């Protein structure tokens, strides 16, 4: 039987902003599956279980979660001479980035959900090697929350459900206009710029630490 091959375009990078998916990737096994293996090449559950020295059933459980979340995809199926169907999975992108600076929904008034998302984003930085210490975590949380809150406030200036002309734009155009307008308005906000500078200083501290450890 000839293999059934799918050739979906592999993105260079994928920005992850959904807190549920960020939490999903924080699991050690799932993180290994994606970042140590499937960003590099297609593999079967059997190949993954052999490489990771884990039971196939355990690996299959995590693979299914990742597939359902849209992090990995089935790219090929092959039938062996013995009639066994092999399914090959691959990450949807070569690199995953956390969109921690992307604003929350401008109309989300659920304070608890907002705080959970900020916490998930901070914890998700560990997938990039940035491990916020306990002593810095509260400060980092406060900075990021203030950035997101201000971004949401600014977005309401133009991104309103009542602005039918804006909402009627194609999604890609609406996103571009939204992004550029947000950048302009926020660049005029002295308090936002100061908070953003403090955030950059904090993250830069951890990036320098990573670089020193690699020397």
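The values are calculated or read from the model by the stated rules, or taken from the named source; none is laboratory data. Because the structure is predicted, anything quoted here is derived from the model rather than measured. Positions of Cβ are generated from backbone atoms using ideal geometry, with glycine treated the same way; all protein chains shown enter the neighbour counts.
On inspection, residue 57 qualifies as surrounded by fewer than 18 Cβ atoms within 10 Å (Cβ to Cβ), farther than 30 Å from residue 158 by Cβ and at pLDDT 90 or above. If you go through segment 109-127 and keep only what is over 12 Å from the mean Cα position of the chain (by Cα) and modelled with pLDDT of 80 or more, you end up with 118, 119. Residue 85 meets the conditions (1) surrounded by fewer than 17 Cβ atoms within 10 Å (Cβ to Cβ); (2) modelled with pLDDT under 85 in every case but one. The failed one is (2). Could you please let me know if residue 143 is surrounded by 14 or more Cβ atoms within 10 Å (Cβ to Cβ), more than 19 Å from the chain's Cα centre (by Cα) and at pLDDT 85 or above? For residue 143, the condition - surrounded by 14 or more Cβ atoms within 10 Å (Cβ to Cβ), more than 19 Å from the chain's Cα centre (by Cα) and at pLDDT 85 or above - is met.
Residues in segment 163-175 that are more than 26 Å from the chain's Cα centre (by Cα) and under 27 Å from residue 191 (Cβ atoms): 163, 166. Selection of helices (runs of 4 or more DSSP H) fully inside segment 23-76 by the criterion of at least 2 residues being under 16 Å from the mean Cα position of the chain (by Cα) returns 28-32, 56-68. Considering segment 157-167 alone, what residues qualify as being more than 16 Å from residue 183 (Cβ to Cβ) and surrounded by 10 or more Cβ atoms within 10 Å (Cβ to Cβ)? 160, 163, 166, 167 - these are the residues of segment 157-167 that are more than 16 Å from residue 183 (Cβ to Cβ) and surrounded by 10 or more Cβ atoms within 10 Å (Cβ to Cβ). Restricting the search to helices (runs of 4 or more DSSP H) fully inside segment 117-215 and requiring at least 3 residues that are closer than 21 Å to residue 26 by Cβ, in contact (Cβ under 8 Å) with a residue 24 or more places away in the chain and out of contact with any strand residue (DSSP E or B) (no Cβ under 6 Å at 6 or more places or on another chain) gives 134-155, 190-214.
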